[in-house]
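Quick note: the coordinates plus some simple rules give every number you see, no bench work behind them. As the structure is a computational prediction, the values presented were derived from the model and not from experiment. Glycine also receives a Cβ, built like all others from the backbone with ideal geometry; neighbour counts cover every protein chain displayed.
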Amino acid sequence: MDVIVADYAGFCFGVTRAVKQAREAPKPVVSLGALIHNRQVVEQLAREGVHPVNSLEEVDSGRVLIRSHGVTPEILAAAREKGLEIIDATCPYVARAQHLARKLAGEGYQVIIVGDPGHPEVKGLLGWAGPGAVVVPHKEAAANLPFHPRRAVLAQTTQPEERLEEVAAALSSNTDTLVVHNTVCQATRQRQEAAVNLARQVDVMVVVGGKESANTRHLAELCRATGTPTYHVERAGELCRQWFINARRVGVTGGASTPAWIIEEVVVMLAEQEKVMVPEDEKEPVKAPEGAGFAPAGENNEVEVKPEASPDVPTAEAEDTAVAAGAVAGPVEPAIEEPAAPGEQQEEQKNEMQQMEAKMPELRRGSIVTGTVVQVNDNEVLVDVGGKCEGIIPLNELSHRNISDPREVVAVGDTINVMVVKPEDEEGHPVLSKRRADRRAAWEKLEEYLASGAELQGEVIEVVKGGLLVDVGVRGFVPASLIERGYVEDLNAYLGKTLRLRVIELDRSKNKVVLSRKAILEEEYEKQRQATWDSLEVGQVRKGVVRRLTNFGAFVDLGGVDGLLHVSEISWGRVEHPRDVLTEGQEIEVKILGIDREEGKVSLGCKQLLPNPWDTAAERYPVGTVVEGKVLRLAPFGAFVEVEPGIEGLVHISQLADRHVEKPEDVVNAGEVIPVKVLGVDQEAHRMSLSLRQALRDKARKQPKQEEKARENQEDSGVKLGDLFGELFEEAK
């Protein structure tokens with residue numbers, strides 16, 4: 001009889017987390033209600049100092065542990081008022097549903113909770129959902145609700161998704177606005193799907209878990225709905241031999257509150273059935289093995305046993321979707337039955353062999369074991385897993401990556417976890433898989449990352465259409481739109497890089513992992529942006545990066561907040577376009593000129609950090625000074641002339657020429673360099689009066705004098721030369 005354990009059987013992430021917090025908490029500690037719906041675990045924790053209480057009235061001081069089902073906000077407030085130290089073990093999925101319920105109620109929705117009204121999780125949700133919330137266990141109850149204009153639907157995390165969809169459909173006819181949030185725990189859905197798939201493949205299904213556990217009862221209901229005989233037990237001792245008569249394949253699953261060791265008890269007990277389920281004509285009455293735990297429906301403890309034959313082990317072709325018994329930790333020690341050897345020496349040898357074989361772990365298909373690498377060959381790896389022979393890992397079972405040499409992954413002496421693919425091959429060696437063991441561990445870890453929102457790291461191993469493939473223990477996909485905050489032009493730039501990522505979608509049944517780097521960058525950007533806003537003050541000088549240039553200015557990133565550097569504030573001189581002095585990506589210093597927090601706007605300036613040329617204009621350009629300047633622009637009343645960058649003056653139309661001027665362009669053109677005379681300077685108003693007419697007049701007056709002086713110089717020079725030549729001639733005579 002084959003015994004197959006369904007995927008996802010046993011503790012879910014939330015229960016594992018709660019039990020871990022309970023064990024790590026300083027003792028003594030009380031839990032508000034049974035920590036999980038499993039009597040054996042609760043009793044075990046009680047022996048460790050974790051004692052359940054029914055209400056806060058029983059607690060006066062110390063620590064109180066909030067179980068994974070969560071509680072109402074009123075209970076949390078009461079615990080704080082009593083001065084109790086709160087250890088919150090609420091499942092992250094439940095906490096998410098609670099926050100959603102509070103948010104939706106605050107937005108005016110009537111919150112509808114799909115679930116069991118008596119379940120602790122639902123009672124807690126009601127406290128978060130406000131006084132108008134309603135619990136509906138099924139679609140019939142939903143159809144009987146009166147009309148309400150705005151409703152929001154949530155679900156108890158352990159409910160089947162189909163029930164949530166049925167209730168939503170029933171409510172759509174008597175609600176104007178209907179919002180549906182799928183708060184069903186993904187692990188619950190995966191557990192249910194795996195159990196149903198297995199139930200369709202086996203002759204008998206056993207569901208292990210507490211009778212008061214809602215998710216375990218749902219598991220049993222779903223398995224029965226497939227038509228397969230299904231039995232719900234809490235412990236192995238409840239198994240009945242008659243259930244498995246003529247059964248060749250038995251499936252086992254466990255609820256979210258069922259520990260691995262209880263599932264293992266059931267698996268071991270079912271494995272013993274292979275010895276007692278024999279044809280009628282081969283039965284031989286013997287005493288039941290001590291501690292076998294089965295209660296044969298009858299009067300005594302005698303069962304029928306025949307010598308154990310070598311089991312026919314099927315080849316494991318599938319991945320770890322449906323694995324054989326032993327997927328739960330814990331060695332199985334089968335009873336060894338051999339004919340008694342005559343003589344004391346043979347008896348001693350038999351006992352020694354029994355002791356040696358009892359110490360060897362029983363390798364079952366699908367179980368995870370730890371081994372040591374003892375040899376690395378070109379196409380396989382030998383691993384000591386404590387069996388009779390070393391296990392073999394074929395090259396294609398070493399890693400989910402494409403590798404050509406096993407030495408890329410392991411080395412002799414490495415301790416690794418492997419999955420048993422086949423207990424024995426033709427030569428008696430167990431066939432193992434590191435890839436599948438890593439895959440299972442990776443999926444469990446990814447579920448934790450999804451629930452907690454923590455970030456992980458993954459190496460980019462391939463660029464595909466629409467995104468990147470990353471190694472996160474399994475192959476994950478990062479869509480191109482979720483790599484950066486902006487558009488990514490060349491995905492190949494990320495190949496081989498290790499990225500910080502967050503799991504945003506996970507579906508183990510479809511082998512689907514979607515990750516986002518953008519989510520982390522957005523979160524960090526928002527934190528940085530808020531910190532920048534909080535620190536901004538008018539008058540500050542800060543460094544920024546030019547992100548974008550426009551005709552009217554430049555947008556500068558100050559650290560999550562963009563400020564506008566207007567073209568008029570870039571320089572004291574005239575700037576036609578920001579690109580004339582700035583480039584995108586350039587780091588510059590700016591001064592905060594204004595802040596509008598409501599509109600989210602910041603005004604910046606650069607020229608304020610440079611000396612203002614107007615501060616010394618009167619000293620450098622006294623009245624009467626003639627300088628050259630560049631005509632910047634023309635106006636009906638005159639021309640504006642730049643005498644130096646940052647200082648402009650007006651040449652009034654009356655100062656352009658000695659004659660009457662109709663239009664300034666009749667005398668000067670934009671861009672032309674002309675002489676101007678300073679008529680006046682107003683430093684405070686940043687104004688300067690100039691005159692082209694007077695500058696030209698002064699130039700005209702100076703011209704004759706300069707020419708006359710030049711002639712005089714020339715004449716003086718000529719006399720001296722004549723005298724000099726005369727003297728030379730006289731000497732020659």
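Output the relative contact order of region 521-609, whole-number percent, from Cα pairs under 8 angstrom with separation of 6+ residues.
30
Under a Cβ-only charge scheme (Lys and Arg +1, Asp and Glu -1), can you give me the dipole magnitude of region 9-109 about the Cα centre, in debye to the nearest 20?
380
How many percent of Cα pairs in region 536-609 exceed 21 Å?
Of all Cα-Cα pairs in region 536-609, 15 percent lie more than 21 Å apart.
If you place +1 on the Cβ of every Lys and Arg and -1 on the Cβ of every Asp and Glu, how big does the dipole about the Cα centre of region 537-652 come out, in debye to the nearest 20?
100
Averaging sequence separations of C-alpha pairs under 8 Å and six or more residues apart, then dividing by the length of region 93-184, give the relative contact order as a whole percent.
The value is 32 percent.
Using only the alpha-carbon atoms, what does region 178-238 span along each of its principal axes? Please give whole angstrom values in decreasing order.
Principal-axis extents of the Cα atoms in region 178-238, largest first: 45, 25, 17 Å.
How many angstrom lie between the C-alpha centres of region 494-514 and region 172-206?
24
Determine how many Å³ per residue the convex hull of the Cα atoms of region 108-253 encloses.
With only Cα atoms used, region 108-253 gives 109 Å³ per residue.
For a 28 Å ceiling on Cα separation, which of these pairs sit above it: LYS82/LYS123; LYS20/LYS123; LYS422/LYS497; LYS103/LYS518; LYS123/LYS527?
Violating the 28 Å limit, Cα to Cα: LYS422/LYS497; LYS123/LYS527.
What is region 1-158 by shape, rounded, prolate or oblate, if you read a ≥ b ≥ c off the alpha carbon gyration tensor as root eigenvalues and call it rounded for a/c under 1.5, prolate for a/b larger than b/c, and oblate otherwise?
Verdict is oblate for region 1-158.
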